[in-house]
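A short worksheet on the structure shown next.
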């Protein structure tokens with residue numbers, strides 16, 4: 001079983017300014033629960049209870065979320081609002097949390113490399129909290145589906161979904177051979193290909209299971225798209241070594257890094273989980 005899950009959470013969230021000037025984008029609420037809590041719940045449901053979070057300046061609210069707050073707990077004790085803290089408290093009891101900082105904003109690859117001291121020399125999951133995913137089956141989230149693939153094949157696995165061709169330039173995109181329904185042996189991947197040049201419409205989304213050799217590869221990966229160290233470029237180098245699989249997950253993903261996706265997710269979760277209450 002993979003126990004460690006890394007959350008890169010150091011980005012500025014500039015698409016949500018001005019609110020992200022003082023609030024981490026990972027703390028933006030979908031109804032009444034922060035984005036990062038949905039991600040931690042997905043990891044915990046997959047058995048990944050050792051949570052490692054890479055933060056940056058002004059991100060202390062993330063640490064406060066998964067810490068005791070005696071004043072609030074005493075204020076709601078014995079009231080109907082006490083139940084609102086149950087899910088968070090359960091995560092605090094189930095999971096361990098460790099933190100480090102990304103010292104400079106040099107891309108997702110650098111953020112993952114910054115988490116090496118928290119992860120060590122073991123395979124691990126990666127969750128980008130602003131990709132909010134809902135599994136097709138209850139308690140069977142995207143990471144849990146990917147973990148089954150890893151346990152069978154023992155190599156890095158990336159989650160993918162089909163996107164419109166006119167949007168492929170926003171993503172890392174894979175090409176490969178479908179070896180099982182929804183499972184691809186990756187032959188190539190390109191980070192944010194120029195419009196009209198993508199090798200497919202299969203886009204990588206914010207869920208990964210990575211083998212620990214990725215850290216050595218990241219250390220020698222040159223800056224790529226956007227002059228940043230891209231995790232896609234490092235994973236591409238694994239293709240010829242241990243192989244890389246891409247999995248078209250069962251479920252739905254909301255791009256909560258965009259205002260459109262954030263509003264869409266809020267409406268979906270309100271209709272499906274809160275309106276009945």
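So residue 127 clears everything in (1) touching a strand residue (DSSP E or B) at 6+ places or on another chain (Cβ under 6 Å); (2) at pLDDT 95 or above; (3) farther than 19 Å from residue 171 by Cβ except one condition, right? Which one?
Single failed check for residue 127: (3).
Among the residues of the range 155-196, write down those that are in a loop (DSSP other than H, G, I, E, B), on the phi < 0 side of the Ramachandran plot and in contact (Cβ under 8 Å) with a residue 12 or more places away in the chain.
Step one: of the range 155-196, the residues in a loop (DSSP other than H, G, I, E, B) are 155, 163-164, 171, 181-182, 192-196.
Add one more test, that the residue is on the phi < 0 side of the Ramachandran plot, and what stays is 155, 163-164, 171, 181, 193-195.
Scanning the range 155-196 gives 155, 163, 164, 171, 193, 194, 195.
Of the residues in the range 30-44, how many are over 16 Å from residue 131 (Cβ atoms) and more than 14 Å from the chain's Cα centre (by Cα)? Full working, then the answer.
Narrowing the range 30-44 to residues over 16 Å from residue 131 (Cβ atoms): 31-32, 44.
Still in the running and more than 14 Å from the chain's Cα centre (by Cα): 31-32.
Of the residues in that region, 2 qualify.
Filter the range 239-277 for residues that are in a loop (DSSP other than H, G, I, E, B), within 19 Å of residue 19 (Cβ to Cβ) and out of contact with any strand residue (DSSP E or B) (no Cβ under 6 Å at 6 or more places or on another chain) and give the result. Full working, then the answer.
At the first step, the residues of the range 239-277 found to be in a loop (DSSP other than H, G, I, E, B) are 239-243, 249-250, 256-258, 275-277.
When the remaining residues are screened for being within 19 Å of residue 19 (Cβ to Cβ), the result is 256-258.
Result: 257, 258.
The values are calculated or read from the model by the stated rules, or taken from the named source; none is laboratory data. Because the structure is predicted, anything quoted here is derived from the model rather than measured. For neighbour counting, all protein chains shown are included, and Cβ atoms are generated from backbone atoms with ideal geometry for every residue, glycine included.
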